[in-house]
Structures are given as C-alpha cells and as structure tokens.
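> Below you'll find the structure I mean.
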Amino acid sequence: MKRELALAYTALVAVCIIWGTTYLALRIAVLHFPPLLFTAIRQSIAGLLLLAILMAIGQFKLPPKEHIIRMAIGGFLMISIGNGLVAWAEMEIPSGIAAIICSLMPVMVILINLAVNREEKPTWPIVIGVLIGMTGIVTIFSEHVHEFAKTEYQVGIALILLAVLGWAVGSIWLKKQPADSNPFVNAGLQMFFGGLWLFPFSFLFDDLQNVHWSGESLYSLLYLIVFGSIIAYASYLYALKKLPMTIVSLYAYVNPLVAVILGWLILDEKLNGVIATGILITIGGIYMVNRGYQISRLWKPKSVN
C-alpha cells in the first residue's frame, strides 16, 4: 500500500513538472501550426505509440467494446475539449491569462464534487486550501489580471473556461469507472480517440493554409508527444486512480510555478518579490489541501492493476 501511494505521488510530481514545461512548447507550436490540427496529430500519434509499446512488451489486452467507448468519451472530454481548446485559445490570449484560468481546475473539481460526487465531498480545510492556492496563482500573474477586461481576449477566455470544465468533468467521470483497468492502456485509447475527434474540428475551424513544418514546430511536436502526452498523461491517469481528485487537480497550481521558475533560471525572465510571495502562498494552499485530506482520511489509495 505504501509503495503504491509513493508511486502515485511520484506520477503526480512528474505531471506537475512536465506539464509545467509544456506552456512554452505549445505556445511555440501554435505560432507555426494550426492549433487543432497540431493537437490532433500530437495526441493521436502519442496514443498509437503508447499502445504499440504496451503491445510490444506484452501488456496490451484489447478491452471490451463498452470500455473502449468509455475511453473514447473520456478522450473527447479531456483531450479534444480540454487540450484542444487550450491550444486554440493560446493563439488569442497571453499565457499568463491562460495560466490563471487553467488554475480554476481545483475549484471546478470542488464544485462538481459538492454537486454530484459525494464520495469525495471536500472539508473546509480542503476548500480553504484550494482558495488560498488560487490566490497565489492570481498574485503570481497579477500583472495580467487587468487584461481580462480586453474584449479581444473574450473568445480565448471562453475557450479555456470550456476546456477546464471539460477536463474536470472528464477526470471525475473517469475516476468513477472500474478500477481494475490498466491506466496506461486507458491513456493510449483516450489520447488516440481524443486526437481523432479533433481532425474534423480542425477542418472546420483551422486555417489549414497556415501549415508550416519548421524546426520549432517539429521539435515542439516531438517533445509534446513523448513527454507532454505519453509520459505525463499516463502518469496523470495513474495518479487519478490512486489519489483523491482534488489532490490530483493541484497540478494546475504547480504547473505555472514550474513555468515561472524555469523561465527565471533558463530565460532570465522576471522573478520579483510579488511573484515569490505568490509562489509561497500557492505552496501554502497546496499544503493545506493535502493536510486536509490526511486528516479526513480521504487520501487512502485504491488498488490499481
């Protein structure tokens, strides 16, 4: 049990770090490639590669038709809506605004849990911790808050709000599915179908004349396929099976912290007192949420095959 819990937290740490690096890679990609088509290619290839790897090592067993349908629905909610719309929105709005809206994920999870998922009904320490973490993220990106009033950003803001809702609903719905399924097979199926659903949307909404295969777009694609999709998404589903949904959703707070710190270390970007204070506030909120689950004993993991 302790080993499984350690593996789940290790998977969650991988998600927090890797997805924190994908903001820049995705931003570079959509400057050179239509966003929905890029996401469709990225996720469908990642799904097929993961399933091929599992098949090669003898870990793939074709699930029943009903299970495949559930994974296809999960892929639509989390990949097509959750991932595709974020990529589309990053053509319209700065990454700072995107980070603030994406950090609504834990808040969205709490609201959905309060409404429909009584198994993970949050306690007050958990709710307060989530709100403190959100305050920290807003503090970090405080210079972008006034940009929410810009009318030219309204479409991008609406797209990311819809993406966060789709991701939250998909995560909670998938967590309630049978626990005896292989999370890595599930990840492969969800990425493949999620990418597949995006192709017709790309034909409808992308500017397909803006397809330019450059070194930047190719390197971004390879990085996002291997790390952002295969490794991080499979790790996310593994953590999702083992840990409470609100704990897992805290990756949305850690990703911006990783992005800010890497930008400071590698790109010499700004890291001032306000940002440092916001980071500390966010970490305090994460600690309170985790402590709240430990106290309420809701963090006990389920068995995962």
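The values are calculated or read from the model by the stated rules, or taken from the named source; none is laboratory data. This is a predicted model, so every value here is computed, not measured. Glycine gets a Cβ as well: all are built from the backbone with ideal geometry, and neighbour counts include every protein chain shown.
> Just one of (1) within 30 Å of M71 (Cα to Cα); (2) over 20 Å from the mean Cα position of the chain (by Cα) trips up G170, so point out which.
Here G170 meets the rest and fails (2).
> Output the helices (runs of 4 or more DSSP H) that fall wholly within the stretch 1-96 and possess 2 or more residues being charged (D, E, K, R) and either closer than 30 Å to A149 by Cα or touching a Lys or Arg at 6+ places or on another chain (Cβ under 7 Å) (or both), or say none. Reasoning before the result, please.
Numbers: elements: 2-30, 35-56, 65-75, 84-89.
By residue number, 2-30.
> Now a separate question. Could you tell me whether L204 is of a type outside the set (G, A, S) and buried (at least 21 other Cβ atoms within 10 Å of the Cβ)? Even if it seems obvious, please write down each step before you answer.
On the way: of a type outside the set (G, A, S): yes; buried (at least 21 other Cβ atoms within 10 Å of the Cβ): no.
In short, no.
> Sticking with this one: Restricting attention to the stretch 111-140, report how many residues are at pLDDT 80 or above and either buried (at least 23 other Cβ atoms within 10 Å of the Cβ) or small (G, A, S) (or both).
Residues that pass the stated criteria total 7.
> Out of the helices (runs of 4 or more DSSP H) lying entirely within the stretch 194-297, which hold 1 or more residues that are within 26 Å of V30 (Cα to Cα)? Lay out the reasoning, then the answer.
Values: elements: 215-223, 232-242, 245-249, 251-266, 273-296.
Ranges flagged: 215-223, 232-242, 245-249, 251-266.
> Could you list, in sequence order, the residues of the stretch 27-75 that are of a type in the set (S, T, Y) and modelled with pLDDT under 95?
Here is the first cut: in the stretch 27-75, the ones of a type in the set (S, T, Y) are 39, 44.
Correct list: T39 only.
> Identify, from the list I69, I41, the residue that is at negative phi and either surrounded by 15 or more Cβ atoms within 10 Å (Cβ to Cβ) or within 17 Å of the chain's Cα centre (by Cα) (or both).
The match here is I41.
> Of all residues being part of a helix (DSSP H, G or I) and charged (D, E, K, R) in the stretch 130-186, which is nearest to M108 (Cα to Cα)? Just the residue, please.
K175
> Would you check which residues across the stretch 207-234 are modelled with pLDDT of 90 or more and buried (at least 16 other Cβ atoms within 10 Å of the Cβ) and list them? Don't jump to the end; show me each part of the working.
Residues of the stretch 207-234 modelled with pLDDT of 90 or more: 221-234.
L221, Y223, L224, I225, F227, G228, S229, I230, I231, A232, Y233, A234, listed by residue number.
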